[in-house]
């Protein structure tokens, strides 16, 4: 099975981290290939960045399809251009926010989300409603750190994420926490041990969901909303 994991921003060090997290959980029959949306913003922090990244992301999806990808993971928690990505791919295209929420809802009766900057909170709250998880998601929280701080050696980013999770446990009464940024993928094991509750990374969950869907012989429906775009 060929699984392509696409980082919709242009920061290659983040791509490397994301791919390492996917490979750590992928089965022995899965070939994980990473792709970076070169030309996109260095990080996706808000609606503008998402729109600017979309053409570059779609280019990488099209290339992955051309290269014979069995499934694709879009590794940004805003789930940018996910509908368009599914239109041009034949196999499953898994969005990490959607996958993470589905996983959280299966292992806990409630969860909170910890993301990076405050401006990302309303974007993710909208996704919570879109995916029908507003009855289980207690709160979307911000650790008040830029996405790229997660790539800086010596930054206090991981400690700030940990502190926000502890506040979520105390104030929200949540049973699990979902990390609201693909750049946090390498923190999952440490944060779970530190906080004592399940801490979920959308990249690893999406990887296993993609593997399961391909194993079940499922592809993206091409009747209706995800039909191949009309030629114009």
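Only a single criterion out of (1) surrounded by fewer than 20 Cβ atoms within 10 Å (Cβ to Cβ); (2) assigned to a strand (DSSP E or B) is not satisfied by residue 87, namely (2).
Evaluating residue 127 against the criteria (1) in a loop (DSSP other than H, G, I, E, B); (2) modelled with pLDDT of 95 or more; (3) under 20 Å from residue 76 (Cβ atoms) leaves one unmet condition, (1). Taken over the range 119-161, the criterion of being farther than 22 Å from residue 192 by Cα, in contact with a helix residue (DSSP H, G or I) (Cβ under 6 Å, 6 or more places away or on another chain) and surrounded by 21 or more Cβ atoms within 10 Å (Cβ to Cβ) is satisfied by 127 alone. Taking the range 1-21 as the range and being surrounded by fewer than 24 Cβ atoms within 10 Å (Cβ to Cβ) and farther than 20 Å from residue 149 by Cα as the test, the residues that pass are 1, 2. Per the listing 170, 151, the residue uniquely touching a residue at least 60 places away in the same chain (Cβ under 8 Å) and more than 14 Å from residue 121 (Cβ to Cβ) is 151. On the stretch given as the range 33-68, residues that are in a loop (DSSP other than H, G, I, E, B), over 16 Å from residue 15 (Cα atoms) and more than 18 Å from the chain's Cα centre (by Cα) total 2.
The values are calculated or read from the model by the stated rules, or taken from the named source; none is laboratory data. Everything numeric in this text was worked out from a predicted model, so none of it was measured. Positions of Cβ are generated from backbone atoms using ideal geometry, with glycine treated the same way; all protein chains shown enter the neighbour counts.
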